[in-house]
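Quick notes on the structure that follows.
The values are calculated or read from the model by the stated rules, or taken from the named source; none is laboratory data. Just so it is clear, the structure is predicted and the values come from calculations on it, not from any experiment. FYI the Cβ positions are ideal-geometry reconstructions off the backbone, even for glycines, and counts take in every protein chain you see. Ligands, DNA and RNA are stripped out before the accessible areas are found, and what is left, the full protein with its side chains, is counted by its heavy atoms. Shrake-Rupley method; radii C 1.70, N 1.55, O 1.52, S 1.80 Å.
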Amino acid sequence: MPQLHALIFDVDGTIAETEETGHRVAFNRAFAQAGLDWHWSSELYGQLLSVSGGKERIRFYLNHFCPNSEELKSAVDLTDFIANLHALKTTYFKQLLQDGQIPPRPGILRLMREAQATGIRLAIATTSAPDNAIALLETILAPDSPNWFEVIAAGDIVPQKKPAPDIYHYVVQSMALNPDDCLVIEDSQQGVEAATQAGLKTVVTINRYTRDQRFSDALLVLDHLGEPDSPFRAIKGDVGNATYFDISLADVLMNGH
Ligand code: XBP
Ligand code: MG
């Protein structure tokens, strides 16, 4: 019978609502600083989120949405241009974190603490750049929180980003885990696809950009993980009498009863 040995957390959208007031704003600040007349509105950003990874997202925008892209492409080395723009964006993102613009989502800290107290191993699997992911953990969880995770798998550490399964394969292999004994916490269809392809079970907490996605492979879909004084809403899956997500609900889910 599967036994919960490890929880693997996505970062963006799962640990914190980073996209709308974090990454999107940081991209726009970087564009302005670089003298570009680009602006990613909330609506456009929703479309661009179909591509995971900041560098990949900039390239996608250039190829599909940017009016003067041909001119730009002939004037610069595109890979360097994107890398520099993305580095600038990372600086702005870290500033936004420092300014306290990005709080953790409900239940995240409680669940991680409970996992630690009960000997459940923890890991991170994110598409974001390692710099961004670590700054986010330090700022919004606790300064020593990167040490809570046995593996922080982030960004270009694997060749292909979500929805490819690479990042989840990487975590499972580095920790010598049996995929049956792990549970992934995600917020997006790309993340669920990546985890599922790696043989992992997922729980989803939706957000404004992902609430209409299908999540057919997720065990459970919630509006958020909930807290004792702030119950979750279950959108898909059987939660019994639970009103917030904890290790005992995770155990029940793992065994399908
Ligand atoms: C998150 C992302 C990230 C951020 C930007 O996906 O797609 O690209 O939007 O981060 P997930 P970087 O939550 O599935 O990991 O700019 O650092 O790439
Ligand atoms: Mg995410």
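Points to keep in mind about this one:
- Listed peptides 30-39, 68-77 appear in the order 30-39, 68-77 once ranked by packing, highest mean of other Cβ atoms within 10 Å at the front.
- Scoring 119-129, 57-67 by mean Cβ neighbours within 10 Å over their residues and listing the highest first yields 119-129, 57-67.
- CD proxy at 222 nm, helix term only [per DSSP H run n ≥ 4: -39500 (n - 2.57); per residue of the chain; nearest 500]: -12000 deg cm²/dmol
- Less than 5 angstrom separates the built amide H of THR126 from those of ALA153, ALA154, GLY155, all sequence-distant by 5 or more or on a different chain.
- Gap separating the Cα centres of the range 19-98 and the range 140-209, nearest whole Å: 24 Å
- Listed residue (CYS66, PHE9, LEU183) projecting farthest to the positive dipole end of the chain, Cβ model: CYS66
- Charges were assigned to the Cβ only: +1 to each Lys and Arg, -1 to each Asp and Glu. The resulting dipole of the range 128-257 about its Cα centre is roughly 460 debye.
- Antiparallel beta bridges, as assigned by DSSP with both residues in the chain, represent about 15 percent of the total such bridges.
- Mean accessible surface per residue for the range 63-213, computed with a 1.4 Å probe while every protein chain stays in place, in Å²: 44 Å²
- Where trypsin sites (Lys or Arg not before Pro) fall in DSSP loop in the range 132-233, at most 14 other Cβ within 10 Å: ARG208, ARG211, ARG214, ARG233
- Computed extension gain for ARG113 through ASN178, at 0.36 nm per residue and net of the alpha carbon distance, reaches 21.1 nm.
- For the chain, the relative contact order comes to 23 percent (Cα pairs under 8 Å, sequence separation of at least 6).
- Dividing the mean sequence gap of close Cα pairs (under 8 Å, 6+ apart) by how many residues the range 167-257 holds gives a relative contact order of 20 percent.
- For the peptides 42-51, 18-27, the ranking by packing is 18-27, 42-51, with the highest mean count of neighbouring Cβ atoms within 10 Å listed first.
- Checked against a 31 Å cut-off, the cross-linked pairs LYS73/LYS162; LYS94/LYS161; LYS89/LYS236 give Cα-Cα distances beyond that limit for LYS89/LYS236.
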